[in-house]
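Colleague: Shown below is the structure under consideration.
The values are calculated or read from the model by the stated rules, or taken from the named source; none is laboratory data. Nothing here was measured: the structure is a model prediction, and the numbers come from that model. Cβ placement follows ideal geometry from the backbone for every residue including glycine, while neighbour counts extend to all protein chains displayed.
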Amino acid sequence: MKTIKKMLDVFLHIAAQSHRLGVNLIRIAILVIFVWIGGLKFWNYEAEGIVPFVANSPFMSFFYTKEAPEYKEYKLKEGEYDAVKVDWHTQNNTYGFSHGLGILIMGIGILTFLGIFCPKIGLVGALLAIVMTIGTLSFLVTTPEVWVPDLGSGEHGFPLLTGAGRLVIKDVAIIAGAVVLVSDCAKRILEKRK
């Protein structure tokens, strides 16, 4: 019994000292997620996939030239090619907006990661990550495609998330991590002032 208690005490001491590692792993996780997802915004299938979110958002729909829900007629499956639909997306600014968004997302990920070395830069990145994830989470309210539609099974609506909804809800964890990073950066900035 004493051996187990000693092992538990050793584990607890190691765990208590791993705070800095955990905070930096959050930074690395945000870097990987944001650079990867931001980079995907340069692929047509990803640009086409975010159209329902952007087109229905009162904060972003102005980036597109076509009105919602016209996009429903021009949806493409991932990997599908249809020249008429691609032309519609080109006219809609689907690809141009997606490229700009990709650059923004990757930039936020890099700024957040740089908080390892410079808390002021990391603070800006983490704050931007919070703003971005609040915007993304707003899609749960504005985008009809995030909830299972009523197609006769009796299983539809809240709380039943579609693939699109499950994509969005993960940002709850990202915003929580970004809040931890804001706190960490602020603490380090204040310590440097002393």
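Colleague: I'd like to check which helices (runs of 4 or more DSSP H) are fully inside the range 1-65 and have at least 3 residues that are within 18 Å of Ile174 (Cβ to Cβ).
Modeller: On the way: elements: 2-16, 19-40, 44-49, 51-56.
Once the helices (runs of 4 or more DSSP H) in the range 1-65 are filtered for at least 3 residues that are within 18 Å of Ile174 (Cβ to Cβ), what remains is 19-40.
Colleague: Look at Ile169 and say whether it is within 23 Å of Pro58 (Cα to Cα) and touching a strand residue (DSSP E or B) at 6+ places or on another chain (Cβ under 8 Å).
Modeller: So Ile169 fits the description; yes.
Colleague: A further question on this structure: Looking at the structure I just gave you, is Leu40 surrounded by 12 or more Cβ atoms within 10 Å (Cβ to Cβ), of a type in the set (A, V, I, L, M, F, W, C), out of contact with any Asp or Glu (no Cβ under 8 Å at 6 or more places or on another chain) and modelled with pLDDT of 95 or more?
Modeller: Taking the combined requirement at face value, the residue does not satisfy it.
Colleague: Turning to a different aspect of this structure: If a residue must be of a type in the set (A, V, I, L, M, F, W, C), over 14 Å from the mean Cα position of the chain (by Cα) and either outside any helix (DSSP H, G or I) or within 22 Å of Lys77 (Cβ to Cβ) (or both), how many such residues does the range 137-190 contain?
Modeller: Total satisfying the criteria: 7.
Colleague: Going by what's in this entry, would Ala178 be described as among the aliphatic types (A, V, I, L, M), touching a residue at least 60 places away in the same chain (Cβ under 8 Å) and under 23 Å from Met60 (Cβ atoms)?
Modeller: Values: among the aliphatic types (A, V, I, L, M): yes; touching a residue at least 60 places away in the same chain (Cβ under 8 Å): yes; under 23 Å from Met60 (Cβ atoms): yes.
So Ala178 fits the description; yes.
Colleague: Could you check the range 76-111 and list, in sequence order, the residues that are outside any helix (DSSP H, G or I) and surrounded by 16 or more Cβ atoms within 10 Å (Cβ to Cβ)?
Modeller: Listed by number, the residues that qualify are Leu76, Asn93.
Colleague: Next question, about the same structure. What tally of residues in the range 86-108 results from selecting those that are closer than 23 Å to Gly163 by Cβ and either in contact (Cβ under 8 Å) with a residue 24 or more places away in the chain or among the aliphatic types (A, V, I, L, M) (or both)?
Modeller: Here the count works out to 10.
Colleague: Could you list, in sequence order, the residues of the range 125-169 that are surrounded by 13 or more Cβ atoms within 10 Å (Cβ to Cβ) and charged (D, E, K, R)?
Modeller: Glu145
Colleague: Counting just the residues of the range 1-37 that are of a type in the set (Lys, Arg) and surrounded by 10 or more Cβ atoms within 10 Å (Cβ to Cβ), which one comes out modelled with the lowest pLDDT?
Modeller: Lys6
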